[in-house]
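Reviewing the structure listed below.
The values are calculated or read from the model by the stated rules, or taken from the named source; none is laboratory data. Quantities reported herein were computed from a predicted structural model and do not represent experimental measurements. Neighbour counts are summed over all protein chains in view; Cβ atoms, including those assigned to glycine, are modelled from backbone coordinates with ideal geometry.
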Amino acid sequence: MADTDFMPLDGWDHIELWVGNAKQATFWYEHALGFDRVAYGGPETGLRDRASYVLEQGEIRLVLTSGLRSDSEIVRFAAKHGDAAKDVALQVPDVSAAYRTAVERGARSVAEPRWEEDEHGRVELATIATYGENVHTFVNRADYAGPYLPGFVSLSPNGHAGDDVGLIAIDHVVGNVELGKMNEWVEFYERVFGMTNIVHFGDDQIQTEYSALMSKVMADGAGKIKFPINEPAEGKRKSQIDEYLEFSEGPGVQHIALQSSSIVQTIETLKGRGVIFLDTPETYYDDVQGRVGEIDEDYDDLKRLRILADRDEDGYLLQIFTKTAQDRPTLFFEVIERHGATTFGEGNFKALFESIEREQALRGNL
Ligand code: FE2
């Protein structure tokens, strides 16, 4: 624990996505994924250059932002990378201390510590850079009672929005970086955040007939914040990470994993609303019960909904992955329900990657 004392993290604050059309994207997150829109910031509230919608479900907070003019940094980002995560913001007890420590330890500054105030109180914010054009904003909102940040107004939940689907928290956020860069970013999270590498997969473990990748999972001392980092590895054909890097035009967030309190119900509802998930071959279900053993759920439900299961020494987990959330083969979402298991479904990687590769082949990118 001593290693992590220099950078205490209280948890996730929010993930902000910079997108081409936040107004329409928000509709999908509300009506398909079950989020409530709770706050808005834009020209009407004094933010001249953007429109920004704050969405919540359980403890998850997503922010969708579009720029309003072609010279906007947000518009340029979304044009280059497609709709993508920009900021994985973290709550810290002391923003100035977190920022100072991060910069002293080699992080690049994006925005220095500042207090923002309105009638609801004050928030301290500061931002550092990570891989690609992504950033981490440090947030301390202990003295703030507003809906999100100064510059935003509360919205009463839209009466036409879908009910929530049982998503409760952010589990992990995965980054894809270039060939040979994984260890550089692993070292960044060790040095700047005091994180440790809790899981490592080599290309011998994550390999299909065609492509391979390597992955290391970085976690903070409390185990709340988990950042897996992937890089492509040599395979017979183009790795799915290479496809991501090509269409994202650089490193970025590959997937955001959201915990469900009841994944069978969550996926039943999401599929009923038309959310499209990766398929899993029928044969996966021939031996899953033998591999994972007794679980609370009915294996028939898992098979019907194409939910994956895996077990580690601490328990089991259930998971499923959406197809990419925009036309570019870049960002997607994972829904995960943990029953003690602390790992990431390694037993499912082969099935998952083969499923992704079928999609990749359809796009002519394999
Ligand atoms: Fe994941």
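Here are some notes:
- Exactly one residue among PHE349, PHE333 is at pLDDT 95 or above and either within 16 Å of the ligand (Cβ to nearest atom) or in contact with a Gly (Cβ under 6 Å, 6 or more places away or on another chain) (or both), and that residue is PHE333.
- Residue in segment 91-99 that is closer than 23 Å to MET182 by Cα, at pLDDT 95 or above and touching a Lys or Arg at 6+ places or on another chain (Cβ under 9 Å) present: no
- Hits in segment 109-136 (condition: more than 20 Å from the chain's Cα centre (by Cα), of a type outside the set (D, E, K, R) and either at negative phi or buried (at least 21 other Cβ atoms within 10 Å of the Cβ) (or both)): SER109, VAL110, ALA111, PRO113, TRP115, HIS120, VAL123, LEU125, ALA126
- Meets criteria (surrounded by 14 or more Cβ atoms within 10 Å (Cβ to Cβ), assigned to a helix (DSSP H, G or I), at pLDDT below 95 and of a type in the set (Val, Ile, Thr)) for ILE356: yes
- Of residues in segment 6-59 being part of a helix (DSSP H, G or I) and of a type in the set (Val, Ile, Thr), the one surrounded by the most Cβ atoms within 10 Å (Cβ to Cβ): THR26
- Residues of segment 3-44 that are of a type in the set (S, T, N, Q) and at pLDDT 95 or above: ASN21, GLN24, THR26.
- Single residue of segment 170-181 satisfying the filter (away from the ligand (no atom under 14 Å from the Cβ) and modelled with pLDDT of 95 or more) that is nearest to ALA89 (Cα to Cα): VAL177
- Matching strands (runs of 3 or more DSSP E) fully within segment 93-191 where at least 1 residues are farther than 30 Å from LEU213 by Cα: 109-118, 121-129, 135-140
- Of the residues making up segment 60-91, just one is surrounded by fewer than 15 Cβ atoms within 10 Å (Cβ to Cβ), acidic (Asp, Glu) and either in a loop (DSSP other than H, G, I, E, B) or in contact (Cβ under 8 Å) with a residue 60 or more places away in the chain (or both), namely ASP71.
- Remark: GLU133 falls outside the filter, which requires a residue to be free of Cβ contacts under 8 Å to residues at least 40 places away in the same chain, closer than 28 Å to ARG76 by Cα and not hydrophobic (A, V, I, L, M, F, W, C).
- Within segment 281-330, the set of residues being within 16 Å of the ligand (Cβ to nearest atom) and among the hydroxyl-bearing types (Ser, Thr, Tyr) comprises TYR316, THR322, THR324, THR330.
- Taken together, the residues in segment 337-346 that are at pLDDT 85 or above and surrounded by 22 or more Cβ atoms within 10 Å (Cβ to Cβ) amount to 1.
- Subset of segment 304-336 [part of a helix (DSSP H, G or I) and surrounded by fewer than 17 Cβ atoms within 10 Å (Cβ to Cβ)]: ARG304
- Set ARG273, ARG338: member being within 13 Å of the ligand (Cβ to nearest atom) and of a type in the set (Lys, Arg): ARG338
- Consider segment 226-244 and keep the residues that are hydrophobic (A, V, I, L, M, F, W, C) and buried (at least 23 other Cβ atoms within 10 Å of the Cβ). The one that is farthest from GLU16 (Cα to Cα) is ILE241.
- Selection within segment 95-132 - of a type in the set (Asp, Glu) and either under 18 Å from TRP185 (Cβ atoms) or in contact with a strand residue (DSSP E or B) (Cβ under 7 Å, 6 or more places away or on another chain) (or both): GLU112, GLU116, GLU124
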